[in-house]
Amino acid sequence: MAFRPEPAEVLRIIDEAPDVRTLHLRSRIEPEPGNFVMLWVPDGDASDEIPLSISDAGEGYIAITVKAVGPTTNAILDLAMGDKVGMTGPLGNSFEVKGKRILLVGGGVGIAPIHLLARSLSGDRSCTSCQTDGPGDGPEARALVGYPSEGAAMLLEGLSRACPTTVVTEDGSLGLHGLVTDHLHDALISNEIDMYYACGPEPMLVKVAEIAEKAGVPGQISMERLMWCGRGVCGSCLLDGQRTCREGPVFDSERLLSGEDLGRRRLDEYGRWRGP
């Protein structure tokens, strides 16, 4: 685990949606599903280092999937092949795979770590936390993912290759109509799921945790918080007293539901507690 930025060259760029791209970066790191990196664009006006989930990894590269939401993410989306960024990682903890029938739940760019977990569970890449040594050797996994529309369906091809995938779109243009949470209970019960793994917008995650708890299914959730350092020093990413960058970003759903912060409050850029 490196705590200083190292140069990473852009090897490949994939347009996922109008404002979303996946970038393959030259790297020798071997991340576990759920890990993230801190990324810095050395040129231009955007000088902030930001956390990004790792959406894929292979020999000599990792991938990040980025949505344009601010100056730094826009600067990342403006990168061309051959450009270099500063990258620190892998950081944080990872999903701990348990059970035999697993449901992967993702929404929006939160599908990024779910995609890496699906690929790892399928045996496409090595994974020390996935209970698998090769194709067909691990738990039985399936995915339930949501997008606003068909045009926003990022990382879907890789997910569908890795495991059976049910798609939900808010406008009904692809797959089932509605929200992921509208179809979660049926997916848990009909597939006899004994463990779930989720990442996405926090309002979605609150409902996912509540629905799964009522169904008696435990899970782990990858959380997002403001991170200035990503190394456990600044405390900007506190969640129920735990640092999202060190003790997280993956937390047991039971712990999140019994805490005070999930869906209720978070620290802002000035260190003040704010509502959701």
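Under the combined filter of DSSP loop state and at most 12 neighbouring Cβ atoms within 10 Å, the range 209-276 retains these chymotrypsin sites (Phe, Trp or Tyr not before Pro): Tyr270. Beta bridges per DSSP, both residues in the chain: antiparallel share near 60 percent. Cβ-to-Cβ counts within 10 Å put Cys237, Cys199, Cys229 in ascending order as Cys229, Cys237, Cys199, the fewest first. A prolate overall shape is assigned to the range 184-276, the ratio a/c of its alpha-carbon gyration tensor axes (a ≥ b ≥ c) being 1.5 or greater and a/b exceeding b/c.
In this structure the amide hydrogen of Leu174, modeled in the peptide plane, comes within under 5 Å of the amide hydrogens of Glu150, Thr169, none closer than 5 places in sequence on its chain.
Backbone amide hydrogens, once placed in the peptide plane, bring Ala141 within less than 5 Å of Ile102, excluding anything fewer than 5 places away on its chain. Its relative contact order, with pairs defined as Cα atoms under 8 Å and 6+ residues apart, puts the range 3-66 at 32 percent.
Once the C-beta distance of Ser190 and Glu260 is scaled by a Förster radius of 35 Å, the resulting FRET efficiency is 0.55 to the nearest 0.05. Across the range 270-276, rounded Karplus estimates of 3J(HN,Hα) from the backbone phi angles (6.51 cos²θ - 1.76 cosθ + 1.60, θ = phi - 60°) give 9, x, 9, 6, 10, x, x Hz, Gly and Pro being marked x. Computed over the range 6-91, the P(r) tail beyond 16 angstrom holds 45 percent of alpha carbon pairs. Taking 28 Å as the straight-line reach from the Cα of Lys98, the lysines in range (excluding those fewer than 8 positions away in the same chain) are Lys207, Lys214.
Given a Förster distance of 30 angstrom, what is the FRET efficiency for Glu157 paired with Arg272, based on the Cβ-Cβ distance and rounded to 0.05? All intermediate terms of the calculation are to be shown ahead of the outcome.
On the way: r = 42 Å, r/R0 = 1.39.
After rounding, the FRET efficiency stands at 0.10.
Here the chain is treated as a sphere whose radius is the Kirkwood value from Cα pairs; by Stokes-Einstein at 10 °C and 1.306 mPa s it diffuses with a coefficient of 85 µm²/s. Taking other residues whose beta carbon is less than 11 angstrom from the beta carbon of Glu224, and scoring Lys, Arg as +1 and Asp, Glu as -1, yields +1. Computed from backbone phi with θ = phi - 60° and the Karplus coefficients 6.51, -1.76 and 1.60, the 3J(HN,Hα) list for the range 90-97 is x, 10, x, 8, 9, 5, 9, 6 Hz; x is used for glycine and proline. When the chain is treated as a GNM with alpha-carbon contacts under 10 Å, the residue of Ala152, Ala80, Ala198 showing the greatest mean-square fluctuation is Ala80.
Please report the relative contact order for the range 160-276, taking Cα pairs under 8 Å with a sequence separation of at least 6, and give it as a percent rounded to a whole number. If you can, show how the numbers build up before the last one.
Values: 167 pairs, mean separation 21.0, N = 117.
Here the relative contact order equals 18 percent.
Just so you know, all these numbers are worked out from the coordinates, no wet-lab data involved. Values in this document were obtained by computation on a predicted structure and should not be read as measured data. Cβ: placed from backbone, ideal geometry, glycine included. Neighbour counts: every protein chain shown.
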